[in-house]
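Each value in this text was obtained by applying a stated rule to the coordinates, not by laboratory testing. These numbers were taken from a predicted model, which means no experiment stands behind them. Cβ placement follows ideal geometry from the backbone for every residue including glycine, while neighbour counts extend to all protein chains displayed.
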Amino acid sequence: MLSENEGWAVGTTGRIIKYDGKTWSPVESTVDTELLAVHFLAPDFGFATGKNSTILFFDGQSWTPQNSGLENTSDHIEMPPSDGHLK
């Protein structure tokens, strides 16, 4: 959850839903692959990852596929803390 009024979840067949503080609503997804994780560093900077090395980037407006450079081997990625520094 980004805050008590904004949250995201992902699931099967590319499903992405957004929480607005009251209800969960579907958001357009550009993939039909199972998504396994979603992580945001800011409201306009988030990633969703899934099966077959699927990576989607959210820019505050829409989700776009990203090239992972991997060949169907990764189901998730790790994100650094929001300050951008690994400890």
| note | Ordered by number, the trypsin sites (Lys or Arg not before Pro) in segment 6-49 that occupy a DSSP loop and have at most 13 other Cβ atoms within 10 Å are K22
| D (Stokes-Einstein, µm²/s), Kirkwood Cα radius, segment 7-66, 1.002 mPa s at 20 °C | 190
| Exactly which GluC sites (Glu not before Pro) in segment 1-43 are in a DSSP loop and have at most 13 other Cβ atoms within 10 Å? | E4, E28
| said: Full-extension gain between S25 and T13, please, as 0.36 nm times their residue separation minus the C-alpha to C-alpha distance. | reply: 2.7 nm
| said: Residue by residue through segment 7-13, what is 3J(HN,Hα) from phi via Karplus (6.51 cos²θ - 1.76 cosθ + 1.60, θ = phi - 60°)? Round to whole Hz and write x for glycine and proline. | reply: x, 9, 9, 10, x, 5, 6
